[in-house]
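Worksheet for the structure shown next.
The values are calculated or read from the model by the stated rules, or taken from the named source; none is laboratory data. Everything numeric here is computed off the predicted structure, so don't read it as measured data. Don't worry about glycine lacking a Cβ; one is built from the backbone with ideal geometry, like all the others, and counts go over all protein chains shown.
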Ligand SMILES: C[S@@+](CC[C@H](N)C(=O)[O-])C[C@H]1O[C@@H](n2cnc3c(N)ncnc32)[C@H](O)[C@@H]1O
């Protein structure tokens, strides 16, 4: 299923792609952002994605845009190495659209969704362990900490205990969801009680927060003056990291906030693409 880019108009409005500039699209995905930048100006885009399933899409971009587009199958935290590989020292913008793409969430075999039965993988790509490895190999206490820290789940201890109790019968996403449902208080809630645990395992398996922190630290030395960082995040843990980093950078006089408050999708966008509802965009410009 095709990925619908989130807050695309707002991202382009802030970046203001211009001729001869070089932009880094760290989360290429379905290529929606890269395409918008390349079509708006005669600029260059260096893109990365950790998921090898999107390489065929990147190849069609290489054919269409020639030397103006390059792609590396890499994590965005490797931005310095990726730019060095392309013999580029400075760039004019970094854009990240965090979270998972439609391609990933709708493929049962990737194991991201508890609504579809699939192997307990949750790996976006270039990962060391799967979600199944984590629930099998980590001690109950460590598992509870992961669920609490990355899922902000108050029932983390109870859930970790039940997972460990039934570990031999958990192989798939639905096995895990059922074990979580069985130990949670029954509530008439619209949000499935397995949601937070799945989020926690996904963040942990993919090292999502440390990826973001490493990219932000590396960004300062690769951006030109007036170079922008634009980040679209989908949960409070990521948004907090971006907010604090941008605030400190602005206070140090190295950059200026473009968004004092995060930009969120319009009601029309949410109606058209409900998956965009939790998105928050923050941006900064280097001084
Ligand atoms: C929400 S999608 C991006 C969609 C894209 N903006 C578009 O318009 O089609 C997020 C993508 O980022 C990738 N991704 C997530 N974390 C990454 C990381 N640390 N390094 C590289 N790619 C990452 C995922 O594999 C996924 O393809």
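Regarding residue 191, is this residue at pLDDT 95 or above, within 23 Å of residue 144 (Cα to Cα) and more than 15 Å from the chain's Cα centre (by Cα)? Spelling it out, it is not the case that residue 191 is at pLDDT 95 or above, within 23 Å of residue 144 (Cα to Cα) and more than 15 Å from the chain's Cα centre (by Cα). Screening the candidates 14, 22, 57 for the property of being over 18 Å from the mean Cα position of the chain (by Cα), under 19 Å from residue 269 (Cβ atoms) and surrounded by 14 or more Cβ atoms within 10 Å (Cβ to Cβ) yields one hit, 14. The listed residues are 220, 163, 203, and the only one of them that is more than 16 Å from the ligand (Cβ to nearest atom), within 28 Å of residue 82 (Cα to Cα), in contact (Cβ under 8 Å) with a residue 24 or more places away in the chain and outside any strand (DSSP E or B) turns out to be 220. The single residue among 93, 32 that is surrounded by fewer than 20 Cβ atoms within 10 Å (Cβ to Cβ) and within 20 Å of residue 232 (Cβ to Cβ) turns out to be 32.
Here the condition is being outside any loop (DSSP other than H, G, I, E, B) and under 20 Å from residue 259 (Cβ atoms); of 64, 10, it holds for 10 alone.
Residues are listed down the side, and each one gets a yes or a no for (1) within 21 Å of residue 226 (Cα to Cα); (2) within 12 Å of the ligand (Cβ to nearest atom); (3) in a loop (DSSP other than H, G, I, E, B):
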{"site": "4", "(1), (2), (3)": "no, yes, yes"}
{"site": "17", "(1), (2), (3)": "yes, no, yes"}
{"site": "28", "(1), (2), (3)": "no, yes, yes"}
{"site": "33", "(1), (2), (3)": "yes, yes, no"}
{"site": "53", "(1), (2), (3)": "no, yes, no"}
{"site": "56", "(1), (2), (3)": "no, no, no"}
{"site": "72", "(1), (2), (3)": "no, yes, no"}
{"site": "93", "(1), (2), (3)": "yes, no, no"}
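When 121, 113, 156 are screened for being more than 16 Å from the ligand (Cβ to nearest atom), surrounded by 16 or more Cβ atoms within 10 Å (Cβ to Cβ) and over 30 Å from residue 68 (Cβ atoms), only 156 passes.
Scanning segment 124-142 for residues that are more than 16 Å from the ligand (Cβ to nearest atom) and either in contact with a helix residue (DSSP H, G or I) (Cβ under 9 Å, 6 or more places away or on another chain) or assigned to a loop (DSSP other than H, G, I, E, B) (or both) yields 132, 133, 134, 135, 136, 138, 139, 140, 141, 142. Within the set 283, 255, the sole residue that is surrounded by 18 or more Cβ atoms within 10 Å (Cβ to Cβ) and closer than 19 Å to residue 98 by Cα turns out to be 283. None of 196, 260 is without any contact (Cβ under 8 Å) to a residue 60 or more places away in the chain, buried (at least 18 other Cβ atoms within 10 Å of the Cβ) and either within 23 Å of residue 24 (Cα to Cα) or more than 16 Å from the ligand (Cβ to nearest atom) (or both) except 196.
Kindly check whether there is at least one residue in segment 196-211 that is at pLDDT 95 or above and in contact with a strand residue (DSSP E or B) (Cβ under 8 Å, 6 or more places away or on another chain). No, there is no match, as no residue in segment 196-211 is at pLDDT 95 or above and in contact with a strand residue (DSSP E or B) (Cβ under 8 Å, 6 or more places away or on another chain).
Of all the criteria given as (1) within 16 Å of the ligand (Cβ to nearest atom); (2) within 30 Å of residue 117 (Cβ to Cβ), the one not satisfied by residue 280 is (2). Within segment 99-110, if we keep just the residues that are outside any helix (DSSP H, G or I) and crowded, with 18+ Cβ neighbours inside 10 Å, the residue that is farthest from the chain's Cα centre (by Cα) turns out to be 101.
In a strand (DSSP E or B), more than 14 Å from the ligand (Cβ to nearest atom) and in the same structural domain as residue 18 (by TED's automatic domain parsing): is that true of residue 89 in this structure? No, not satisfied.
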